[in-house]
C-alpha cells in the first residue's frame with residue numbers, strides 16, 4: 001500500500017468544520033496577488049505571513065489565528081515574523097497540523113503553539 005499524504009487544503013477544511021462546531025467563528029484569510037483579466041494586479045490587503053485561518057471564540061470574544069501545515073510543513077520567514085508579533089501581543093495562535101491541534105490552541109488559549 002502506498003504512502004497517504006493529506007494536503008494542507010484538506011487539513012484546513014477539516015479544521016474549519018471542527019472549530020465551527022466548537023462554538024467559534026472561523027474565517028479563511030486569502031492572501032496574495034493575482035492579475036485581473038484587465039491586466040492589473042489585485043492584492044488582498046492582508047500583510048505577508050498572515051495565518052491561514054482566524055476567528056474568535058463566541059464565549060469570550062477572544063481572537064485566534066491558526067497557521068495550517070502538513071505533518072512535514074515548516075513556517076516561512078514572513079510567517080515567523082507574524083508569529084513574533086502575535087507573541088509580543090499575547091494573542092492566541094499556533095500551527096495546526098490537524099483539527100485536534102487547532103482545537104487545543106483555541107480551547108486552551110495557547111500562544112505560539114507549534115512554533116517552538
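In the stretch 23-46, the residue that is nearest to residue 61 (Cα to Cα) out of those that are out of contact with any strand residue (DSSP E or B) (no Cβ under 9 Å at 6 or more places or on another chain) and loosely packed, with under 12 Cβ neighbours inside 10 Å is 30.
Does residue 106 count as out of contact with any helix residue (DSSP H, G or I) (no Cβ under 6 Å at 6 or more places or on another chain), under 25 Å from residue 7 (Cβ atoms), without any contact (Cβ under 8 Å) to a residue 12 or more places away in the chain and not in a strand (DSSP E or B)? The answer is no for residue 106.
Taken over the stretch 1-21, the criterion of being under 18 Å from residue 64 (Cβ atoms), in a helix (DSSP H, G or I) and free of Cβ contacts under 8 Å to residues at least 60 places away in the same chain is satisfied by 12, 13, 16, 20. Each residue in the stretch 66-100 was checked for being surrounded by 20 or more Cβ atoms within 10 Å (Cβ to Cβ), in contact with a helix residue (DSSP H, G or I) (Cβ under 9 Å, 6 or more places away or on another chain) and without any contact (Cβ under 8 Å) to a residue 60 or more places away in the chain, and 6 pass.
Selection of the stretch 22-55 for residues being part of a loop (DSSP other than H, G, I, E, B), closer than 17 Å to residue 76 by Cβ and in contact (Cβ under 8 Å) with a residue 24 or more places away in the chain yields 29, 47, 48, 49, 50, 51, 52. Among the residues of the stretch 56-77, are any part of a strand (DSSP E or B) and over 14 Å from the mean Cα position of the chain (by Cα)? Taking every residue of the stretch 56-77 in turn, at least one turns out to be part of a strand (DSSP E or B) and over 14 Å from the mean Cα position of the chain (by Cα).
Every number in this text was worked out from the coordinates using simple rules, so none of it is lab data. Keep in mind the model is a prediction, meaning the values are calculated, not measured. Cβ atoms come from the backbone with ideal geometry, glycine included; neighbour counts cover every protein chain shown.
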